[in-house]
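In what follows, a single structure is set out as structure tokens and then discussed.
The values are calculated or read from the model by the stated rules, or taken from the named source; none is laboratory data. Predicted model, so just to flag it, every value in this text is computed and none were measured. When we count neighbours, we look across all protein chains shown, and the Cβ atoms used for this are built from the backbone with ideal geometry, even at glycine. The protein model used for the area step is the full one, side chains on, heavy atoms only, and it has no ligands, DNA or RNA in it. Shrake-Rupley method; radii C 1.70, N 1.55, O 1.52, S 1.80 Å.
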Amino acid sequence: MKLDVEVLRYLSKDDFRVLTAVEMGMRNHEIVPAELIDRIASLKHGGTYKVLKNLLKHKLVHHDSSKYDGFRLTYLGYDFLAIKTLVNRGVISSVGRKLGTGKESDIYEVAAEDGTVLAMKLHRLGRVSFRAVKSKRDYLRHRSSFNWLYLSRLAALKEFAFMKALEEHGFPVPNAVDCNRHCVIMSLVQGYPLVQVKELQNPETIFETVLGVIVRLAEHGLIHCDFNEFNIMIDDDEKVTVIDFPQMVSVSHRNAQMYFDRDVECIFKFFQKRFNLSFQVSTDDNEGSDADTDETGWPSFSSISKSSGFLDKELAASGFSRKDQEDIEKFIEEDIDDTDSDREESEDKQFVESTEANVKGLSSLPLEELEEQTSNSDEDGVEVKQQSCEAGQDNRAEIQDDSDKEEDNQSAIENDAELNKSLNKQRKRAVAAARGGRRSFASRNSYKDKGGKSSQNSRIQKQLCSW
């Protein structure tokens, strides 16, 4: 989306008030209802719908009437809110040309009130080229639902915090000036991306400098995770500057070693292909002297001393929670409990299925044998209660005898199908005799005979059955 700043001149206070109302409503609404926008904006003389129509014409909001009449902010409207706030703070006074476009952001040239040229980075997560933000980044942490504008704001805050901390510790990074919403203002680096550089006067020294930055970051507890030729700037004096920090993780991350080796591999491969550098590895000479390299000549993650600082703890980088390592262990225990509960649920399902099968088997037995089995089970329960006071050998023998009798009865019933049919007929006759020889069928016209003789008879039959 093109950033046309000229529209910003013609927006009034009411326009920005309605834009802010839409932003506030999007905290708990994907599409903010028009009535809620009117209540939040609370313009003095009304006219909220007229302002929304003007914002919709400039594509600052998007109208959606699929479920109800509502609006949501677009990235252009979010840009205008951030730029307006930075202008009111006196951080910037004008916006210039676009410097570059990435998969997650756009970079523009801006100027301050004193004329110094700065860089403005607008995070735009959710583009078609990079939509797997939830799996590739840790902006959400414990949240399940998300909004692209909110994720862009989190990415900007994280990058601003990393730039501030790295600048204080002497790393070659841009100077972080200010941050608002998804917008980060930083100093403009007078240089070129390393991917655009074809020749260098001292490629060996540049290679050692770049590799040293990776090692220093690891010593301070951080890993860049996207350290390649696209995120390294170099000026005419061959001074190196590192950019792009939202994806940084802690050295305590579970995949820290993989990310560290990937960054080192990217640098090795690029300098080999572009500047034809040959890396000669002499493992015999470096066994005792150089502990920071492995057999391939690359810096080893395990041999790096991580005692220079704890920026991952200070900035709560990915892989390090706010409540220290104990909270992580608690989460691991909760996962184990969840697996145990799943196992218990499966066992409960098996138990329910077995009981249902037993009930079906009992339903096929005659009425007299069912009464005998229930009476035997009651007697067995009483005998089990008395086992704590008396000897249990006799009771166990009786229970075994009862079980043997039941097994014999079931085998006899299975063998004689005709006997089962006759017993079922006898059971039905006994039930019919107990009910007085009448069948309790509901009349088809029961809804017409409310309070009549048929309804009274059905009530009496129900009472007799319950007795």
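Segment 69-92 and segment 1-24 have Cα centres spaced 6 Å apart. Using every pair of distinct Cα positions in segment 197-286, the Kirkwood expression returns a hydrodynamic radius of 14.1 angstrom. In the full protein context, segment 67-111 carries 44 Å² of accessible surface per residue, based on a 1.4 Å probe and ignoring ligands, DNA and RNA.
Packing here is the average count of other Cβ atoms within 10 Å per residue, and on that basis the peptides 110-120, 151-161, highest first, run 151-161, 110-120. Within the accessible area of segment 211-250, the carbon and sulfur atoms contribute 49%, probe 1.4 Å, all protein chains present. Taking the inverse of the mean reciprocal distance over all distinct Cα pairs, the Kirkwood hydrodynamic radius of segment 10-66 comes to 11.3 Å.
Highest mean packing first, where packing is the average number of other Cβ atoms within 10 Å per residue, the peptides 93-106, 69-82, 169-182 line up as 69-82, 169-182, 93-106. Sorting 27, 17 by solvent-accessible area of protein heavy atoms yields 27, 17, largest first, with a 1.4 Å probe.
Computed from the C-beta positions of residue 275 and residue 99, the FRET efficiency with R₀ = 25 Å rounds to 0.45.
The rule of thumb for compact globular proteins, 2.2 N^0.38 Å, goes into the C-alpha radius of gyration of segment 135-269 1.09 times.
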